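Q: To start, I am sharing the structure in question, which I have written as structure tokens.
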Amino acid sequence: MTGVTKRFGPTIAVNDVSFEIWPGRVHALMGENGAGKSTLMKMLAGVHRPDAGQIAIAGRGVTFANPREALAAGVSTVFQELSLLPNLSIAENLFLGREPVGRMGIPDRTEMARRTTAVLAELGMDLDPNTLVANLSIADRQFVEIAHGIKADAQVLILDEPTAALNAADVQVLNSQIEKLRAAGKAIIYISHRMDEIFAICDDVTVMKDGNHVATQPLSELTPDSLIALMVGRELSDLFPDRAADVGPVRLSCKNLTLGSAATPLSFDLHAGEILGLAGLEGQGQSEIVRSLIGRHTPFGGEVAVGGQTLHLPISPERGVRFMQRLGVGFVPEDRKEEGLLLGASIAENIGIGLQAARPGFALLARVRDTAKRIMRDLDVKAQSPAMPVGALSGGNQQKVLLGRYLAADMDVLIIEEPTRGVDIGAKAEIYRLLRALAGQGKAILVLSRETVELIGLCDRLLIVHDRKLVSELAGRDATEHAILNAALTS
Amino acid sequence: MTQPTGTSRKTRAANRLFGRNSRQGNWWAALLIIVMTTILLIATTDDFATPRNASNLLAQAMPLIIVAIGQMIVIVLAGMDLSVGSVMSLTTAILALDGAPIVLIPLVFLAAAAIGLVNGIAIVRLNVHPIIATLSMQFIVLGIAQLLRPVAGGSVPDVVVNVVTGAFLGIPAPVFWAVAVVAIGWKIVHGSRFGLHLFAIGGGVASGQSDTAHNFGLKDRRNIVLAYILSALFAALAGFFIAGRIASGDPGVGSQFALDSITAVAIGGTQLSGGVGGLHGTILGAILMALLANGMNLANLSAFLQGAIKGVILLLVVALQSRKKMGL
Amino acid sequence: MGNLLRSMSRIPPAYFVFAALLATLWITKPQLMNMNVLGIFIRQVAPLGILVLGQMLVMRVRSIDLSGAGVLLLVNYLIASGLLRDVPLPLVLLLSLGIGCLVGLFNGYLVARRRVSAVIATLAVTVIITGFVQFLASGKPPGNMPDVMNDIYKMKWGPVPLPVVLWVALTGLMAVFLSRFVYGRFVMAVGENPTASHFSGVPVERTVLIAHVLAGFFAGVAAIVQSASVAVGSLRLGLEMPIDAVAATILGGVVFGRGDGGVWGPFFGVMCFAFLFVVMTSFGVPEPGKQITRGAIILLAAVFYGLSTRNS
């Protein structure tokens, strides 16, 4: 890959990255959340197209319109997220689009089953190839995904966090499989957050940070510590305002929240005047924790005390958001376009909808124009008028409007997923100052973010989440990226 | 994301009961009701267990079986075809025109293919919701049928009547029809790559990963258009069968079939949200509907009340199927 | 140029169609262009116009209601059959409105709570009611409508027929309700994006449920006006009315989730229907031609919006 760049709107996800991978070697790709690893791999796999730069395989430049073309060129990918169809069997998923046909064009199910059994057996698995994927456990699904990648008989195999759902024994099976593929002369790209695995099976490592290429080195030259040092070490800029001097009483208390049948219960308190962050590697349960509080995730149990009431979890998915808003808890969802804003509606309507929602349906509309104007002024939303549709604003201004909705409704507790996702650097600083000012007014703020630096700079306290439990707590002023990664990775 | 490991035993039991984790859906409930109804009818009426009634029953069930197979093809894709009834009416109207059978019969299927093509293009190219596209097509096609034949009447070519009501080697024609239709249906739905891809595309829509099938390199748009063409062709075949039975053209003959076919498909365990279903369930569903109609006739129930009861059955079946999306 | 096209595509097609129809009528049948004749044409579509108020509401929250046919038939039968001969007329009318609301509540429960496909649910409700009413009537047409209803129907307020006054008044009320009350804002939000509405604290299910109840209520009102317009009850009321209501609503710029046309867009959509069938009759188009037009209007208007949403 040479000089590969990918932009999403104003944000540059991958900036001018070049590196080479070799047959017969396992190449680790490392970096913090949002470093651009996944985007880079999606370009290699044909999901995204690079805006600039070149991908060459065995010296020949290639462009992929879709994953199928990448596969045909010998690049096979096992992604983290679901790419199997739940209503098809393992065999059907493995052969979808290239089913062997027998007499009269009838798909040859015996042949598919036979070959599937063989591929699964190579991975040491003994599953009925006719089982529907919907009926598999998460770990088995992951193995089927891997089998899918291996079966393609590709020259380049990308494994994106293949072990996230696997236990130690399964990881062993996978590792021996990777050894075999390496011996067969395949080039393998391996993304993982587990240090021990990286050092056990990889030959080289490429480290990325903020979309940029940091280093490509043989792993023999590195220690776990020096590798973490390569991944972190960003300057804490003056984006961040000062921290709170002292905090007030408990505003929201979460007790014995249990995310899975076998998960360890977790408890935490959120105080007035503080910003509390949920840190850790991506997808370790942070989002499930906050969504459990508003009924959008169904935990196994637990209770939450807020606004003078104690609620037993899980709470109703249908009424949870409204109920929590009545208790003064505002939830700002991560996905601004799908879950947050009404893109076709005006700024004033978007800011006001929270206020209106608190009123009965057959009441007159609350007058929100002045409130909206005030909030637009306070948050410095750059728009001609409150009547402009939100969809026409930039990401930063959209995010401010979304936050403005909860300011207008005067919530005591704010739960914010990804406060600055897809927002440019100037707006980020403004949003940090705003959140700090809100905390200063006595509001309690719970934040989760993929950007560890953001959490360190912004939060008073950090809870490190790993594998759906709280593994550590750090004070914001003492926290470093190194310490957080260390806490998460060595838990 | 669904996590089988995280689901409680109760949900899993419920899943199994409603056939949620099987690709065929819950077809055995239909079978169970058929068996029970048959026993009940044999026990309570004298006329049911006669060869004449059995042959009658098959002939009565045949149009619904045919049209339900077509309906199932689009429902598995997470679509729906409300225009099938009008296509049936149009078919009888065309067959009752003055003309040589050699012209009329191909014309019927050409017209149906064209209607399916328009439906499919409106849906995949022009971004119209399947229900709206086929609902409007229902009226357009019905209008054309009424233009050709304002009221029931005329006569269809003898060959059509003979093919439907005759007998060969002493075996009534509907038996051959049943064998042929089941064979064709099986070939399309379960015996071809196209059929498997239908399930893949519909399953992607139902589980909120509508890009997945496309990423596997399936020609999703072409398959969807083809499915609507097939649905219309099956409807035309059903119309052909009815035309043979009534030996005339009737623009009102198909009016019940859009909803009846959806009921039959749904009662056979096919999920209206897509990706789950099967041919045997659909056939069982259609037979069940015919059996109920037969039973209600034998019990001398008013035809009007029968219509209402069919509506109640449809509501019950669709209300029991779970769906995430709200609205259309 | 692109901007002009885009803003053109936000104007409901109903206005253009209405202007074109009026012009056609003016040129081909100038003798019809007087207050009395036009009033009668418009009076004919008053029940449709009232039905459209409900249809528009449910379509704005991404649902649809085809049960109006059932409500119409049931109310028509109740008033004409003499089944409630001994009950005072106002009470019968009140009962009719209640029936409408109940049917709407049932639809709303199925669509919002049980997540049943709205087309299937409301079609099935129509099938059930139709079968039931025909069973009660044994397929024979019911008796006469009370004369007093027809007399009221024929009254005028100045030059304007009373049913038209009712229609315009209800439309005006609806416009105020949707633009000045919280519920109207909920409707806008749910249509725009149900998920985002949920996260904003909008009661999504309740909004859809109430939309269906209101649609049922308007179906009840439309049924009363329709019953008043005929001398004799009928069992031959088909799906045409609710389908025309869908067509008029789409023509008026309101389509699943998008309310660009407001309340008056669909109003003019109905006005189009007032003149469409007159123009078609004057050109000698037979009844099936109207059937085709019905379908074609829905399809073309849906294509119009399908393409404009795909491009944005």
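Q: How many residues are in contact with a Leu (Cβ under 9 Å, 6 or more places away or on another chain), open to solvent by less than 40 Å² (accessible area, probe 1.4 Å), part of a helix (DSSP H, G or I) and of a type outside the set (A, V, I, L, M) if we restrict to the stretch A:321-353?
A: So the answer is 4.
Q: Just name the residue that is farthest from the other protein chains (Cβ to nearest Cβ) out of those in the stretch C:31-81 that are in a helix (DSSP H, G or I) and among the charged types (D, E, K, R). Break it down stepwise before answering.
A: Step one: filter the stretch C:31-81 for residues in a helix (DSSP H, G or I), giving C:31-32, C:35-44, C:46-60, C:68-80.
Retained after the next criterion (residues that are among the charged types (D, E, K, R)): C:43, C:60.
Values: C:Arg43: 25, C:Arg60: 11 Å.
Ranking the qualifying residues of the stretch C:31-81, first place goes to C:Arg43.
Q: Residue under question is A:Glu282, and the condition is that it be charged (D, E, K, R), assigned by TED's automatic domain parsing to the domain that holds A:Glu454 and open to solvent by 50 Å² or more (accessible area, probe 1.4 Å); does it hold?
A: Values: charged (D, E, K, R): yes; assigned by TED's automatic domain parsing to the domain that holds A:Glu454: yes; open to solvent by 50 Å² or more (accessible area, probe 1.4 Å): yes.
Yes; evaluated as a whole, the condition is true for this residue.
Q: Condition check: open to solvent by 10 Å² or more (accessible area, probe 1.4 Å) and touching a Lys or Arg at 6+ places or on another chain (Cβ under 9 Å). Does C:Arg60 satisfy that?
A: Numbers: open to solvent by 10 Å² or more (accessible area, probe 1.4 Å): yes; touching a Lys or Arg at 6+ places or on another chain (Cβ under 9 Å): yes.
Here the answer is yes, as C:Arg60 does meet what is asked.
Q: Quick one: which residue in A:Thr310, A:Thr298 is farther than 17 Å from A:Cys459 by Cβ, within 11 Å of another protein chain (Cβ to nearest Cβ), hydroxyl-bearing (Ser, Thr, Tyr) and not in a helix (DSSP H, G or I)?
A: A:Thr298
Q: Now for a separate question. If you take the residues in the stretch C:259-290 that are free of Cβ contacts under 8 Å to residues at least 12 places away in the same chain and in a helix (DSSP H, G or I), which one is nearest to the other protein chains (Cβ to nearest Cβ)?
A: The selected residue is C:Pro288.
Q: Okay, moving on. Cβ-Cβ distance below 7 Å, separation of 6 or more or different chains: which pairs start in the stretch B:148-164 with a residue that is of a type in the set (Val, Ile, Thr) and end on one that is part of a loop (DSSP other than H, G, I, E, B)?
A: From the stretch B:148-164, the pairs are B:Val156/B:Ala96; B:Val156/B:Ala247; B:Val156/B:Ser248; B:Val161/B:Ala247.
Q: Restricting attention to the stretch C:183-193, does a residue exist that is among the β-branched types (Val, Ile, Thr) and over 25 Å from C:Gly108 (Cβ atoms)? Steps first, please.
A: Pass one, the stretch C:183-193, residues among the β-branched types (Val, Ile, Thr): C:187, C:190.
Still in the list and also over 25 Å from C:Gly108 (Cβ atoms): none.
No, the stretch C:183-193 contains no residue that is among the β-branched types (Val, Ile, Thr) and over 25 Å from C:Gly108 (Cβ atoms).
Q: Only one of these is in contact with a helix residue (DSSP H, G or I) (Cβ under 8 Å, 6 or more places away or on another chain) and over 17 Å from C:Ile50 (Cβ atoms): C:Ala211, C:Ala112. Name it.
A: Values: C:Ala211 fails: over 17 Å from C:Ile50 (Cβ atoms).
So the residue among C:Ala211, C:Ala112 that is in contact with a helix residue (DSSP H, G or I) (Cβ under 8 Å, 6 or more places away or on another chain) and over 17 Å from C:Ile50 (Cβ atoms) is C:Ala112.
Q: Just need a number here: residues in the stretch C:164-185 that are of a type in the set (Phe, Trp, Tyr), touching a Gly at 6+ places or on another chain (Cβ under 6 Å) and at the interface with chain A (Cβ under 8 Å from one of its Cβ atoms).
A: 1
Q: Taking into account only those residues within the stretch C:114-123 that are at the interface with another protein chain (Cβ under 9 Å from one of its Cβ atoms) and assigned to a helix (DSSP H, G or I), which is surrounded by the fewest Cβ atoms within 10 Å (Cβ to Cβ)? Quick ask: steps written out before the conclusion?
A: Start the filter on the stretch C:114-123 by keeping residues that are at the interface with another protein chain (Cβ under 9 Å from one of its Cβ atoms), which leaves C:114-121, C:123.
Subsequent filtering for residues that are assigned to a helix (DSSP H, G or I) retains C:118-121, C:123.
Numbers: C:Ala118: 28, C:Val119: 24, C:Ile120: 26, C:Ala121: 28, C:Leu123: 26.
So, considering only residues that are at the interface with another protein chain (Cβ under 9 Å from one of its Cβ atoms) and assigned to a helix (DSSP H, G or I), the one surrounded by the fewest Cβ atoms within 10 Å (Cβ to Cβ) is C:Val119.
Q: Do we find that B:Val103 is more than 14 Å from chain C (Cβ to nearest Cβ), part of a helix (DSSP H, G or I) and either open to solvent by 10 Å² or more (accessible area, probe 1.4 Å) or among the aliphatic types (A, V, I, L, M) (or both) in this structure?
A: On the way: more than 14 Å from chain C (Cβ to nearest Cβ): yes; part of a helix (DSSP H, G or I): yes; either open to solvent by 10 Å² or more (accessible area, probe 1.4 Å) or among the aliphatic types (A, V, I, L, M) (or both): yes.
Spelling it out, B:Val103 is indeed more than 14 Å from chain C (Cβ to nearest Cβ), part of a helix (DSSP H, G or I) and either open to solvent by 10 Å² or more (accessible area, probe 1.4 Å) or among the aliphatic types (A, V, I, L, M) (or both).
Q: Kindly indicate whether B:Val118 is touching a Leu at 6+ places or on another chain (Cβ under 7 Å) and among the aliphatic types (A, V, I, L, M). Even if it seems obvious, please write down each step before you answer.
A: On the way: touching a Leu at 6+ places or on another chain (Cβ under 7 Å): no; among the aliphatic types (A, V, I, L, M): yes.
No.
Q: Can you tell me how many residues within the stretch A:404-420 are free of Cβ contacts under 8 Å to residues at least 60 places away in the same chain, touching a Leu at 6+ places or on another chain (Cβ under 6 Å) and not in a helix (DSSP H, G or I)?
A: Selection size over the stretch A:404-420: 0.
Q: Quick check on my filter: what residues within the stretch B:218-229 are over 19 Å from B:His129 (Cα atoms) and either open to solvent by less than 30 Å² (accessible area, probe 1.4 Å) or touching a Phe, Trp or Tyr at 6+ places or on another chain (Cβ under 9 Å) (or both)? Give the derivation first.
A: Looking only at the stretch B:218-229, we keep the residues that are over 19 Å from B:His129 (Cα atoms), and these are B:218-219.
Hit for the stretch B:218-229 is B:Leu218, nothing else.
Q: Among A:Ala72, A:Ala91, A:Ala113, which is the only one that is free of Cβ contacts under 8 Å to residues at least 40 places away in the same chain and either surrounded by 22 or more Cβ atoms within 10 Å (Cβ to Cβ) or not assigned by TED's automatic domain parsing to the domain that holds A:Thr39 (or both)? Break it down stepwise before answering.
A: On the way: A:Ala72 fails: either surrounded by 22 or more Cβ atoms within 10 Å (Cβ to Cβ) or not assigned by TED's automatic domain parsing to the domain that holds A:Thr39 (or both); A:Ala113 fails: either surrounded by 22 or more Cβ atoms within 10 Å (Cβ to Cβ) or not assigned by TED's automatic domain parsing to the domain that holds A:Thr39 (or both).
Exactly one residue qualifies, and that residue is A:Ala91.
Q: Is there a residue being facing chain A (nearest Cβ under 8 Å), open to solvent by 10 Å² or more (accessible area, probe 1.4 Å) and assigned to a helix (DSSP H, G or I) anywhere in the stretch C:207-218?
A: Taking the stretch C:207-218 as the starting set, the residues that turn out to be facing chain A (nearest Cβ under 8 Å) are C:207, C:210.
After this cut, where a residue has to be open to solvent by 10 Å² or more (accessible area, probe 1.4 Å) as well, the list is C:210.
Subsequent filtering for residues that are assigned to a helix (DSSP H, G or I) retains C:210.
Yes, that holds for at least one residue.
Q: Next up: Since A:Asp246 meets every condition but one in (1) surrounded by fewer than 17 Cβ atoms within 10 Å (Cβ to Cβ); (2) touching a Pro at 6+ places or on another chain (Cβ under 6 Å), which condition does it not meet?
A: In the conditions (1) surrounded by fewer than 17 Cβ atoms within 10 Å (Cβ to Cβ); (2) touching a Pro at 6+ places or on another chain (Cβ under 6 Å), A:Asp246 misses (2) alone.
Q: Name the residue, out of C:Arg258, C:Arg294, that is within 25 Å of C:Ser63 (Cβ to Cβ) and open to solvent by 30 Å² or more (accessible area, probe 1.4 Å).
A: On the way: C:Arg294 fails: open to solvent by 30 Å² or more (accessible area, probe 1.4 Å).
Sole residue among the options that is within 25 Å of C:Ser63 (Cβ to Cβ) and open to solvent by 30 Å² or more (accessible area, probe 1.4 Å): C:Arg258.
Q: Could you identify the single residue in C:Val127, C:Val133 that is modelled with pLDDT of 90 or more and either touching a Leu at 6+ places or on another chain (Cβ under 6 Å) or of a type in the set (D, E, K, R) (or both)?
A: Values: C:Val127 fails: either touching a Leu at 6+ places or on another chain (Cβ under 6 Å) or of a type in the set (D, E, K, R) (or both).
Sole residue among the options that is modelled with pLDDT of 90 or more and either touching a Leu at 6+ places or on another chain (Cβ under 6 Å) or of a type in the set (D, E, K, R) (or both): C:Val133.
Q: Go through the stretch B:274-310 and give me each residue that's in contact (Cβ under 8 Å) with a residue 24 or more places away in the chain and at the interface with chain C (Cβ under 9 Å from one of its Cβ atoms). Lay out the reasoning, then the answer.
A: Of the stretch B:274-310, the ones in contact (Cβ under 8 Å) with a residue 24 or more places away in the chain are B:274-295, B:298-299, B:307, B:310.
Selection gives B:Gly307, B:Lys310.
Q: Sticking with this structure for a sec: Would it be correct to say that C:Val165 is part of a loop (DSSP other than H, G, I, E, B), without any contact (Cβ under 8 Å) to a residue 40 or more places away in the chain and either under 21 Å from the mean Cα position of the chain (by Cα) or crowded, with 16+ Cβ neighbours inside 10 Å (or both)? Outline the logic, then answer.
A: On the way: part of a loop (DSSP other than H, G, I, E, B): no; without any contact (Cβ under 8 Å) to a residue 40 or more places away in the chain: yes; either under 21 Å from the mean Cα position of the chain (by Cα) or crowded, with 16+ Cβ neighbours inside 10 Å (or both): yes.
No, not satisfied.
Q: If I ask for residues that are surrounded by 20 or more Cβ atoms within 10 Å (Cβ to Cβ) and touching a Lys or Arg at 6+ places or on another chain (Cβ under 8 Å), which ones from the stretch A:289-311 would you list? First the steps, then the outcome.
A: Restricting attention to the stretch A:289-311, the residues satisfying the condition of being surrounded by 20 or more Cβ atoms within 10 Å (Cβ to Cβ) are A:289-296, A:299, A:302, A:304, A:306.
If the condition is that a residue be surrounded by 20 or more Cβ atoms within 10 Å (Cβ to Cβ) and touching a Lys or Arg at 6+ places or on another chain (Cβ under 8 Å), then A:Gly295, A:Gly302, A:Val304, A:Val306 are the ones that fit.
Q: Please go through (1) touching a helix residue (DSSP H, G or I) at 6+ places or on another chain (Cβ under 6 Å); (2) assigned to a helix (DSSP H, G or I); (3) surrounded by fewer than 23 Cβ atoms within 10 Å (Cβ to Cβ) for C:Phe106 and return the number of the only condition it doesn't satisfy.
A: Unmet for C:Phe106, out of (1) touching a helix residue (DSSP H, G or I) at 6+ places or on another chain (Cβ under 6 Å); (2) assigned to a helix (DSSP H, G or I); (3) surrounded by fewer than 23 Cβ atoms within 10 Å (Cβ to Cβ): (1).
Q: Being without any contact (Cβ under 8 Å) to a residue 60 or more places away in the chain and over 16 Å from A:Leu270 (Cα atoms) narrows it down to one of A:Val453, A:Val401, A:Val423, so name that one.
A: Details: A:Val453 fails: without any contact (Cβ under 8 Å) to a residue 60 or more places away in the chain; A:Val401 fails: without any contact (Cβ under 8 Å) to a residue 60 or more places away in the chain.
That would be A:Val423, the only listed residue that is without any contact (Cβ under 8 Å) to a residue 60 or more places away in the chain and over 16 Å from A:Leu270 (Cα atoms).
Q: Would you check if A:Arg98 is open to solvent by 50 Å² or more (accessible area, probe 1.4 Å), in contact with a Gly (Cβ under 7 Å, 6 or more places away or on another chain) and either in a helix (DSSP H, G or I) or assigned by TED's automatic domain parsing to the domain that holds A:Asn135 (or both)?
A: Numbers: open to solvent by 50 Å² or more (accessible area, probe 1.4 Å): yes; in contact with a Gly (Cβ under 7 Å, 6 or more places away or on another chain): no; either in a helix (DSSP H, G or I) or assigned by TED's automatic domain parsing to the domain that holds A:Asn135 (or both): yes.
No, not satisfied.
Q: Continuing with the same structure: Does the stretch B:175-196 include one or more residues that are more than 12 Å from chain A (Cβ to nearest Cβ), over 29 Å from B:Lys325 (Cβ atoms) and part of a strand (DSSP E or B)?
A: no
The values are calculated or read from the model by the stated rules, or taken from the named source; none is laboratory data. Predicted model, so just to flag it, every value in this text is computed and none were measured. No Cβ is skipped: glycine too gets one built from the backbone with ideal geometry, and neighbour counts run over all protein chains shown. The area values use the complete protein model at the heavy-atom level, side chains included, leaving out ligands, DNA and RNA. Shrake-Rupley method; radii C 1.70, N 1.55, O 1.52, S 1.80 Å.
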